[in-house]
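The values are calculated or read from the model by the stated rules, or taken from the named source; none is laboratory data. Just so it is clear, the structure is predicted and the values come from calculations on it, not from any experiment. Ideal geometry is used to build each Cβ from the backbone, glycine not excepted, and the neighbour counts take in all protein chains shown.
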Amino acid sequence: MSRIEPTFDSAPPKTGSARPAVTGDTFCSYLAKQFMAKKGFEIARVPEVGELAAPGNILLTYSDGYSFTVLCMIDREAYPNEIFSLGVDEVRQIGETCLKYTGKIQRTKMPVFIRIMEIGPGSSDQQQRLKLFKRSSLRAKVIPSAMIVDTASGEVWNSDKTWVSKGVYHRFVEDLLAAPREADLTPPVIALAQPSFPILTAAILAVLFAIFAAEVVYGIGPWTKLLQPTIATLAAFGGLSKNLVLQSGEWYRLLSAPFLHADAGHLAMNAIALFIAGRALEGLVGRAWFGAVYVVGALAGSLLSLALNPASIVAVGASGAIMGLFAAMLVISMHFPPGRLRTGLQMSAMYVLIPSLLPLAGALQGHRVDYAAHFGGAIGGAVAGLLMLAIWPASETTPRLRPVAAVIALAGAVALVYPAISVLRGYHAAAFTTLLIPAETYPKSAAEMRARAAQLVVQYPHDPRPRYTTAGQRLDAGDFAGAEREARAGLAEEDRWRSLLLPQVGNGLRVFLAVAISKDRPEEALATARPACAAVHDGPLRKLLDDRKLCGT
């Protein structure tokens, strides 16, 4: 990019006053170049601001697709008698014609800012003359303001005292006024990658949809409204549960949970957000860094969810990873100069981050939102964004350390194999839970179980617990054939319920079976009783084994 060397002294002279020739850069000219180099301003080219050319020496504009700002600069070092001669109403009328250059946020039209800047030695009448240039109301769509940059005293004055108006450029001008002038004001040349289709984003979306389809098709129990799988389904597919992670050691759920969704609406919202993030971010930072941020956000979200959520919660969703992408987007926006790209990234990020990180928003909408995962993902993404910002030279299209980012992304993808295998191994056991007696209807005492055992065997033929009680009752009644039948039926599906029920159930059924066949088939009885002999050392079951000498002499 070539150096910007505009001809600033372009406004016609005032009637009755001659502009003297100027040698060298005045501070007004220097300040204009600083605004162009560092704040994204350019020489005004829109015809609507032409009326400001007569009272001003330099006209600059800034537009990022949302806001539109005009700087009308009067060079009082070059022309000591120059003043801004238009009234505040005339300035507002000019601003009205410029509203077509502003965008909308949440369907609200953004205002036009017109800042009058008198730059040079001050005069006693300046503040009185310019104090009317300020915002007329909170709803005003044209916001005029005035700034006096007194090069003699080194002071800066603003007509509008609000932090919004004053804080935007006040400190910037003050610092420039106090510091030595910079020799090189060439705007930075930022290398941009060529736009490309977000392949990785599309691949992640395909995986999320495929997994959700599996939740619906192979779910445990029927889905309800909006294709909502049961809690048992989410747990079986790898949902994040504090008990299962900390007590059972199933750490793979930190990775599997971000690929699951609670219903079709949950998936749709996350898919839209992921598509927005991918379309904006994947091409800017490259697929390696995009994948790395996704993995970091997913893990950070799962970790904070695990730390803060109650043990009874089964958490699922890609929200943590997606919050990580948007937080990284917000941070890396500062890599780009002021303008449409930077503002576009920031607005896209804030559109998602603000409602997603405010618990009140979800409460008002009646949603149960895992804000811990949202915050964790955002923190992870922000850290990744800061790292990218630190290692991203302006001359390169993407951040450095791409091989490292690729390793992180690939490690996350490869690591998903373990959760997949673990889910497949545990799925059948988890699915079997729907065939067991529900906790709310399970007998509250041994006496109640004995009274209802026969009925429960008919209602829940796959649950071995009522068969355990029934087999014991048959033995007490001398019905060895009936005891054998019930014990064998209870043990038939032991592989499916072994990890779900107490070992006492399997041991008891073996004891009852061994006792029932001990008279007619003693060798088979000894083999059947052998596992129970090793596990049961006292109590009624051990007494049965010892009385029949099923554990040896």
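Put simply, of V295, V314 the only residue that is under 22 Å from W392 (Cβ atoms), assigned by TED's automatic domain parsing to the domain that holds L424 and crowded, with 19+ Cβ neighbours inside 10 Å is V295.
With in the same structural domain as V142 (by TED's automatic domain parsing) and free of Cβ contacts under 8 Å to residues at least 24 places away in the same chain as the only criterion, which of P47, P55 stands out?
Values: P55 fails: free of Cβ contacts under 8 Å to residues at least 24 places away in the same chain.
After applying the criteria, what remains is P47.
Taken as a whole, the structure places S356 among residues that are touching a residue at least 12 places away in the same chain (Cβ under 8 Å), buried (at least 16 other Cβ atoms within 10 Å of the Cβ) and small (G, A, S).
Determine, yes or no, whether I105 is at pLDDT 90 or above and of a type in the set (A, V, I, L, M). If you could, list the steps in order and put the result at the bottom.
On the way: at pLDDT 90 or above: no; of a type in the set (A, V, I, L, M): yes.
No, not satisfied.
Taken over region 507-535, the criterion of being polar (S, T, N, Q) and either in a helix (DSSP H, G or I) or not assigned by TED's automatic domain parsing to the domain that holds R465 (or both) is satisfied by N507, T528. Here is the figure for region 65-85: residues that are surrounded by 15 or more Cβ atoms within 10 Å (Cβ to Cβ), in a loop (DSSP other than H, G, I, E, B) and either polar (S, T, N, Q) or at positive phi (or both) total 2.
Scanning region 462-475 turns up no residue that is part of a loop (DSSP other than H, G, I, E, B) and in contact with a Pro (Cβ under 8 Å, 6 or more places away or on another chain). Checked against (1) part of a helix (DSSP H, G or I); (2) assigned by TED's automatic domain parsing to the domain that holds L389, E250 passes all but condition (1).
Yes/no per residue for (1) touching a Cys at 6+ places or on another chain (Cβ under 6 Å); (2) at pLDDT below 90; (3) within 30 Å of D25 (Cβ to Cβ):
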site: H170; (1), (2), (3): no, no, yes
site: A179; (1), (2), (3): no, no, yes
site: A193; (1), (2), (3): no, yes, no
site: S196; (1), (2), (3): no, yes, no
site: L205; (1), (2), (3): no, no, no
site: A214; (1), (2), (3): no, no, no
site: T230; (1), (2), (3): no, yes, no
site: Y252; (1), (2), (3): no, no, no
site: F259; (1), (2), (3): no, no, no
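Those strands (runs of 3 or more DSSP E) of region 86-196 in which 2 or more residues are touching a residue at least 40 places away in the same chain (Cβ under 8 Å), crowded, with 16+ Cβ neighbours inside 10 Å and not assigned by TED's automatic domain parsing to the domain that holds R342 occupy 112-120, 142-150.
Of these, S348, S422, S395, which one is on the phi < 0 side of the Ramachandran plot, touching an Asp or Glu at 6+ places or on another chain (Cβ under 9 Å) and in the same structural domain as L325 (by TED's automatic domain parsing)?
Working: S348 fails: touching an Asp or Glu at 6+ places or on another chain (Cβ under 9 Å); S395 fails: touching an Asp or Glu at 6+ places or on another chain (Cβ under 9 Å).
Answer to the check: S422.
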